[in-house]
Amino acid sequence: MRPPPVTVLSLIVAAEATALLAAAGWYAIQLITGAPVVSFWGAVFTLALLLSFSAWLYAVAYFLFRGFRWPRAGALVAQLFVLTIGFPTLTGGYIAAGFAMLVPAVLAVVLLFNKRVISFASRAGGAPPAL
């Protein structure tokens, strides 16, 4: 049976992936409407990165929800990136945006080290859970 912290953690990661997808959509609209950019191909590359990271986070959320072991590391790295961006955003005067990044990231880090999450998300490949 899936513990509730795994579901909450998966939803947080999926929400972050959705936010990245929305940012990619906004970025694409800005690129199509002719917003000034220094390098067009650099902007296209940035759009590709946003889409790739969004897809990666969706995969992390999905496989974490299913109980695999590898997404825990991916989710932790993603949360550290969000914390790295969230603190300067908060201290730079964008209070709501900073808290919108920091609160889910801190909650996700705490849940990643929850013993029920660790014991549930311990399956490797096609094997049954290890613990």
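The values are calculated or read from the model by the stated rules, or taken from the named source; none is laboratory data. Quantities reported herein were computed from a predicted structural model and do not represent experimental measurements. FYI the Cβ positions are ideal-geometry reconstructions off the backbone, even for glycines, and counts take in every protein chain you see. Remember, those area values only see protein heavy atoms, side chains included, never the ligands or the DNA or RNA. Shrake-Rupley method; radii C 1.70, N 1.55, O 1.52, S 1.80 Å.
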Quick check for me: using +1 on Lys/Arg Cβ and -1 on Asp/Glu Cβ, what's the dipole size of the chain about its Cα centre, in debye to the nearest 20? 580 debye
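Beyond 16 Å, how much of the Cα-Cα pair distribution for the chain remains, as a whole percent? Provide the component values of the computation, followed by the final result.
On the way: 5592 of 8515 pairs.
Distances greater than 16 Å cover 66 percent of the Cα pairs.
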Separation between the ALA100 and VAL44 pseudo-spin-labels, each 7 Å from Cα along Cα→Cβ, expressed in nm? 3.0 nm
Explain nothing, just compute: Karplus ³J(HN,Hα) = 6.51 cos²θ - 1.76 cosθ + 1.60, θ = phi - 60°, for every residue of region 75-82 in order, whole Hz, x for Gly and Pro. 5, 5, 4, 4, 5, 5, 5, 5
Using a 1.4 Å probe and counting only protein heavy atoms, arrange ILE118, ILE12, ILE32, ILE85 so the residue with the most accessible area comes first. ILE32, ILE85, ILE118, ILE12
Return the sequence-ordered ³J(HN,Hα) values of region 86-94 in whole Hz as given by the Karplus equation 6.51 cos²θ - 1.76 cosθ + 1.60 applied to θ = phi - 60°, using x for Gly and Pro. x, 5, x, 5, 5, 6, x, x, 9
Where the centroid of each part is defined by its Cα atoms, how far is region 59-78 from region 1-40 in Å? 17 Å
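Could you order TRP26, TRP41 by accessible surface area, starting with the largest, using a probe radius of 1.4 Å?
Details: TRP26 160, TRP41 180 Å².
Greatest to least solvent exposure: TRP41, TRP26.
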Using a 1.4 angstrom probe with every protein chain in place, what is the largest-first accessible-area order of VAL106, VAL44, VAL117, VAL38? VAL38, VAL106, VAL44, VAL117
Roll a 1.4 Å probe over the protein heavy atoms and report the accessible area of LEU21 in Å², nearest 10. 80 Å²
Proximal charge balance of VAL8 [Cβ under 12 Å; K/R count +1, D/E count -1]: +2
